[in-house]
Amino acid sequence: MPCERKPMRYGHSEGHTDVCFDDTGKYIVTCGSDGDVRIWESLDDDDPKSINVGEKAYSLALKNGKLVTAASNNTVQIHTFPEGDPDGILTRFTTNATHITYNSSGSRVAAGSSDFMVKVVEMYDSSQQKTLRGHTAPILSVTFDPKDEFLASASCDGSVAVWKIEEQTQVTSWPLLQKSNDVINAKSLCRLAWQPKAAKLLAVPVETTVQLYQRDSWAQVGTLSDDLGTQAINVVAWSPCGKFLAAGSIGGLLTVWDVESKLCVERQTHEKGYTVCGLAWHPSGGQIAYTDTEGCLGVLDGLSSSSSSSSTTTSSTMTKQAPASYDDLFDDDDDRPMDEGISEGARSPAKNPGDEDDDDDLIPATGRARNRSAFLDDENSLDTGSLKQGLDKFVDDVGSAIVPPAAVAAPLRPVYDGPMPTPPQKAFQPGSTPAHLMHRFMMWNSVGIVRGYNDDQDNAIDVEFHDTAVHHAMHLTNSLGHTVADLSQEAVLLACPGTDELASKLQCLHFSSWDTNKEWMVDLPKGEDVQALCLGQGWAAAATSALMLRLFSIGGMQRELFSLPGPVVCIAGHGEQLLVVYHRGTGFDGEQALGVQLLQFGQKRRQVIHGEPLPLSRKSHLSWLGFTAEGTPCFIDSEGVVRLLNRSLGNMWTPVCNTRDNCKGKSDHYWVVGVHENPQQLRCIPCKGSRYPPTLPRPAVAVLPFKLPLCQTTTEKGQMEEQYWRSVLLHNHYGFLSSSGYEIDEEGQSQAQKEQQELLMKMFALSCKLEREFRSVELAELMTQNVVTLAIRYASRSRRMALAQRLSDLALEKANQLQGEEPQEEEEEPLQYTRRNTGYSQSSSEMGADRQHSSHRQAQEEEVDEEQGQEEHMDEGDVAESKRQGLNPFAKGTAASPEKLSPKPVSKEGRVNPFKVSSGLGRLGSAGGQNRVTNVLDSMMSSSKKPTALLSSSGSTGKLNKTPFLKPLAPRPKTKTQSTLLHMNAPKAANKKAAEEREPAVCRLKQTEAPPPASPAENVENKKHKSGFQLWLEDNRRIILADNPDLEETDVIKEAIGLFRTLSADDRLTWTERAKGQSGDVADMKKRKRGEEESRGDKNGQSEADETSAKKKKPLDTSTKLSAFAFNKN
């Protein structure tokens, strides 16, 4: 009985379904848990009629133009057929009815319910009811005796009972089933079936077998079983002739037995292994319709009772024919579903089912076997011998015999009992709905929507753009029968499959072309069909059935072509990137073996991903492939898991979202139309009870958030870790875009880095609170140097001295690392903005965030200072010298940053010297001249001594360039912590001198509080004699910047020179005398003479170099070290 298992159709939402044929066999009728009854003219009906009967429909029966349904409103309803008009309520229960069935004449309906009762109702008068009571649990199924005398029922109480209808009494009962408390918890639906016509046998599915009970005697007379059946049988159905019995199991196995010989004559497997819960024979006996618990409808076609038996007169003739019959029987058996139904084109409609040699492969390697007999050693002798042994008992009185086709099924079990191959996934177009729908989406992406209509009235394609500024909507006549489409900002790309007469065509509507010819078309070679296509920036790609990928320019010029390693599944394009997914082999046990390639079509053409396996969820398939709006490859599998390419982790795939977590029901799904990294959004269409949205009315787009599947995300620690790593992952695209030559949103990048550093600081504080100091240092390694200084302050305030010491060492190490990387940064200056902090490695890009957010960080520092007191205390002399440093635009200093300085209030921020080169003198001088209790502050100060230009190397923003540092603060009343932690032992003489030098500063006009210096280092070269103009500029800088906030540093100095000259001669003399009064004694001046001469000698050249953004530090020479040491010592 070779038959063909046709591909299944999606009919209802996920849940229980039922199926039946009408009296003529013209219609297939199904019902499901979505409450709809659908009437299919055939399995290929793209628009079945739908009747809503309630919230859920549990069972249905059809006879004589009357459709009876059991709905969730506890009623059994009648509808006319095929019109579907309501025709009244047949009966009611206290709970929902679970199963209904007609008698053979259609005059009665039996219904079982969850309230333990079975009712038999007359169709012509629903008031004539008989109630059968006796079960102690919900009813599973009911079936009429064809002679209308008895009724059998199965229940969750574990019993199968036979009732005499007229007397309403129980005739017999068998405890055959496993007990349960409800139908949904029952191991099997146990759908009973009485043999039609003869009415001799009652079939009862029990575990993996079907037991046959004889009428009247109620004795078990036989058992039907299949050695390959390992899961419980759910439902059974007799053929109209009463000779064959079909069964569907929980594991998706469909089996047909010849009842007389008790042999399996047909065996098929559900294409996805879902539970079969509905089964019905066509009135002609040539078809079986079945439904599963996922709402799908399938058909076994080509069943024939004649092929299962042959009329012969002698046993010898039968023996000779047996091997041929065996070949025919298993030629299209249960091996074929492994590659059928998924891969189109493997089956030709011109072939007879018995000739389909190419589809019968268990092992798809060299030399495909015709059938299972190829796997048996010495199969001819085994087959013939086994047939000879048992032929006599199958010969009946007439002399005909039933050939036992399954007699050799037993030896098959030890041949191969391993994992079964998975049918390969068909090629599909991401963003499209299935091609068999008459109204469908051919493409929905971030540019627009392409709809396809293929009905009796019209075969057309509508193109609609989300932004009408790109192009107006278009209506295209689909005369070529295009089935695949893609849409970009430049063009619409369409493709149609080839036919016997016409080749497959690729058509492009290049609407952005500047010339008048905006359309081109290409014919593919004969026998080669387009299976997937995509558009990029200036190019188009098409993957074909010949395992080729063909590239075209957007104007129609043929470009490169190359072979694919396997059959294509889908492709996607974005900008200059092409993503290809293909079958790299055969998957097993429901797994798809897919490979992925990522190609870059820029100036340097290269392959980024070289065919690595695509990581899908268990037993899932690919459902969407594409790029985020920012150009990061992304894909989604049928389990709803969204994975994003993590470029910073060696091009690994990271799950960022699970759409199933947002679904309310099991049968609900989200259909993805776009992914955005900034803002973090997954744009999709909610589909209630289905996987695909309808074209009309236009579905609404919902937005889902991203969430990394980290552990313990309900805790505060887990939430912050998830937020941090999600931010790092979803902002990797900045580096990729900038390296590819695209402009990036510097403000967005700056904001992202700011958020990441704030999260790190919060996690650091939490770790300190939990006394996890090692973890705190791990977090600090991910911080930028500026935030490490805040962490040091926090640790100091928390009296964690060991932690503060380790953090200071870390800050020093970061500074040294930056100094070592500085020459590379200067060489790679044009691409400085490509480097950013990903959290995986500490590079110079970390410091980009320092410069970008220095204002924010300094505000945080001030807040820490004001609320917690001064943690790092500088000695009085240091503070005095820091005050005297001020801003000297002509002093030897750091290389000027090309970015504009942000004006800062003098009283709050401290002045920045853009020309100052930090040469490490302060640390050496301090070490030589003072004996400090701890070197925490030393490390912090030295670690923060880096050129401003160095900080701007990441270049992601041009707004801020202030060097991050730990400010030496004005002395405040010492706290206990300060005195123990960072108290510095300075000589009393130095303190007195500092106090004397501070007295003139109090008299300054604009100084309301001591300004912190621009650098924490004690730079000796800044301690030289200052001019009156420099003192005047220090005090009046704020007024100049307030009047002209947009001035750059050089312009500020020019403006100040002009204003200083307008002062009277007496005023200028006063400032000059004040400057002389603040100078050191003569001995100090002589000791510093060499250092000052070098500073003056380099001043002019250094200023010019600074203004042209020279970024290398000036090496520290021996004389400067000596002068620094001498000055501090003195």
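Filtering segment 1035-1053 down to residues that are open to solvent by 60 Å² or more (accessible area, probe 1.4 Å) and within 23 Å of residue 1074 (Cβ to Cβ), which residue is farthest from the chain's Cα centre (by Cα)?
1039
List the strands (runs of 3 or more DSSP E) that sit entirely inside segment 484-563 and contain at least 3 residues that are touching a residue at least 12 places away in the same chain (Cβ under 8 Å) and under 15 Å from residue 429 (Cβ atoms). Give the derivation first.
On the way: elements: 484-487, 492-496, 505-509, 519-523, 530-535, 539-544, 548-553, 558-563.
Of the strands (runs of 3 or more DSSP E) lying wholly inside segment 484-563, those with at least 3 residues that are touching a residue at least 12 places away in the same chain (Cβ under 8 Å) and under 15 Å from residue 429 (Cβ atoms) span 484-487, 492-496, 530-535, 539-544.
Among (1) touching a residue at least 60 places away in the same chain (Cβ under 8 Å); (2) closer than 20 Å to residue 101 by Cβ; (3) crowded, with 19+ Cβ neighbours inside 10 Å, which single condition is residue 265 missing?
The failed condition is (2).
Given the conditions (1) touching a Ser or Thr at 6+ places or on another chain (Cβ under 8 Å); (2) among the aliphatic types (A, V, I, L, M); (3) touching a residue at least 24 places away in the same chain (Cβ under 8 Å); (4) open to solvent by 10 Å² or more (accessible area, probe 1.4 Å), and given that residue 761 satisfies all but one, which numbered condition is not satisfied?
The number of the failed condition is (1).
Out of segment 537-558, which residues are small (Gly, Ala, Ser) and crowded, with 22+ Cβ neighbours inside 10 Å?
Selection gives 540, 541, 542, 543.
Scan segment 107-135 and report the pairs whose first residue is more than 16 Å from residue 93 (Cβ to Cβ) and whose second residue is among the β-branched types (Val, Ile, Thr) and part of a strand (DSSP E or B), with Cβ atoms within less than 6 Å and a gap of 6+ or a chain change.
Taking only residues 6 or more apart or on different chains, the pairs are 108/120.
Keeping to segment 138-169, report how many residues are buried (at least 23 other Cβ atoms within 10 Å of the Cβ), more than 51 Å from the chain's Cα centre (by Cα) and without any contact (Cβ under 8 Å) to a residue 40 or more places away in the chain.
Number of matching residues: 0.
Pick from 7, 2: which is within 23 Å of residue 288 (Cβ to Cβ), modelled with pLDDT under 90 and under 36 Å from the mean Cα position of the chain (by Cα)?
The conditions single out 7.
Take the conditions closer than 14 Å to residue 445 by Cα and either loosely packed, with under 15 Cβ neighbours inside 10 Å or free of Cβ contacts under 8 Å to residues at least 40 places away in the same chain (or both) and apply them to residue 467. Does it pass?
So residue 467 passes the test.
Per-residue answers, yes or no, for (1) in contact with a strand residue (DSSP E or B) (Cβ under 6 Å, 6 or more places away or on another chain); (2) surrounded by fewer than 17 Cβ atoms within 10 Å (Cβ to Cβ); (3) part of a strand (DSSP E or B):
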site: 642; (1), (2), (3): yes, no, yes
site: 679; (1), (2), (3): no, yes, no
site: 695; (1), (2), (3): yes, no, no
site: 718; (1), (2), (3): no, yes, no
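For segment 88-137, how many residues meet the condition of being among the polar types (S, T, N, Q), assigned to a strand (DSSP E or B) and surrounded by 19 or more Cβ atoms within 10 Å (Cβ to Cβ)?
4
With respect to residue 766, determine if the residue is surrounded by fewer than 18 Cβ atoms within 10 Å (Cβ to Cβ), among the aliphatic types (A, V, I, L, M), more than 28 Å from residue 634 (Cα to Cα) and under 32 Å from the mean Cα position of the chain (by Cα).
So residue 766 fits the description; yes.
Which one of these does residue 708 not meet: (1) outside any helix (DSSP H, G or I); (2) open to solvent by 40 Å² or more (accessible area, probe 1.4 Å)?
(2)
Of the residues 271, 294, 266, only one is among the acidic types (Asp, Glu), assigned to a loop (DSSP other than H, G, I, E, B) and at pLDDT 85 or above; which?
Checking each option against the conditions leaves just 294.
Taking residue 325, is it polar (S, T, N, Q), surrounded by fewer than 22 Cβ atoms within 10 Å (Cβ to Cβ) and either closer than 25 Å to residue 198 by Cα or modelled with pLDDT of 90 or more (or both)?
no
Quick one: is residue 804 hydrophobic (A, V, I, L, M, F, W, C), farther than 20 Å from residue 721 by Cβ, in contact (Cβ under 8 Å) with a residue 40 or more places away in the chain and out of contact with any Asp or Glu (no Cβ under 6 Å at 6 or more places or on another chain)? Quick ask: steps written out before the conclusion?
On the way: hydrophobic (A, V, I, L, M, F, W, C): yes; farther than 20 Å from residue 721 by Cβ: yes; in contact (Cβ under 8 Å) with a residue 40 or more places away in the chain: yes; out of contact with any Asp or Glu (no Cβ under 6 Å at 6 or more places or on another chain): yes.
Judged against the criteria, residue 804 is a match.
Do we find a residue being under 27 Å from residue 418 (Cβ atoms) and touching a strand residue (DSSP E or B) at 6+ places or on another chain (Cβ under 9 Å) anywhere in segment 209-218?
yes
Out of segment 553-610, which residues are more than 24 Å from residue 522 (Cα to Cα), among the small types (Gly, Ala, Ser) and more than 19 Å from the chain's Cα centre (by Cα)?
Passing the criteria: 585, 587, 590, 602.
Mind checking whether some residue in segment 565-579 is out of contact with any Ser or Thr (no Cβ under 9 Å at 6 or more places or on another chain), open to solvent by less than 10 Å² (accessible area, probe 1.4 Å) and not in a strand (DSSP E or B)?
Yes - at least one qualifying residue is present in segment 565-579.
Could we say that residue 51 is part of a strand (DSSP E or B), farther than 30 Å from residue 164 by Cα and not small (Gly, Ala, Ser) here? Working first, answer last.
Details: part of a strand (DSSP E or B): yes; farther than 30 Å from residue 164 by Cα: yes; not small (Gly, Ala, Ser): yes.
In short, yes.
Suppose the filter is in a loop (DSSP other than H, G, I, E, B), open to solvent by 30 Å² or more (accessible area, probe 1.4 Å) and without any contact (Cβ under 8 Å) to a residue 24 or more places away in the chain; does residue 462 pass it? Give the steps one after another, and end with the answer.
On the way: in a loop (DSSP other than H, G, I, E, B): no; open to solvent by 30 Å² or more (accessible area, probe 1.4 Å): yes; without any contact (Cβ under 8 Å) to a residue 24 or more places away in the chain: yes.
Answer is no for this residue.
How many of the residues in segment 743-752 are in contact (Cβ under 8 Å) with a residue 12 or more places away in the chain and either aromatic (Phe, Trp, Tyr) or open to solvent by 10 Å² or more (accessible area, probe 1.4 Å) (or both)?
Final tally of qualifying residues: 6.
Regarding residue 648, is this residue surrounded by fewer than 23 Cβ atoms within 10 Å (Cβ to Cβ), in a helix (DSSP H, G or I) and in contact with a Ser or Thr (Cβ under 8 Å, 6 or more places away or on another chain)?
When the stated conditions are applied, residue 648 passes them.
Can you tell me which of (1) at pLDDT below 90; (2) part of a helix (DSSP H, G or I); (3) in contact with a Ser or Thr (Cβ under 8 Å, 6 or more places away or on another chain) is the one residue 779 doesn't meet?
Single failed check for residue 779: (1).
The values are calculated or read from the model by the stated rules, or taken from the named source; none is laboratory data. Nothing here was measured: the structure is a model prediction, and the numbers come from that model. Heads up, the Cβs are rebuilt from the backbone with ideal geometry, glycines too, and the neighbour counts pull from every protein chain shown. Heads up: the accessible areas ignore ligands, DNA and RNA and are worked out on the full protein's heavy atoms, side chains in. Shrake-Rupley method; radii C 1.70, N 1.55, O 1.52, S 1.80 Å.
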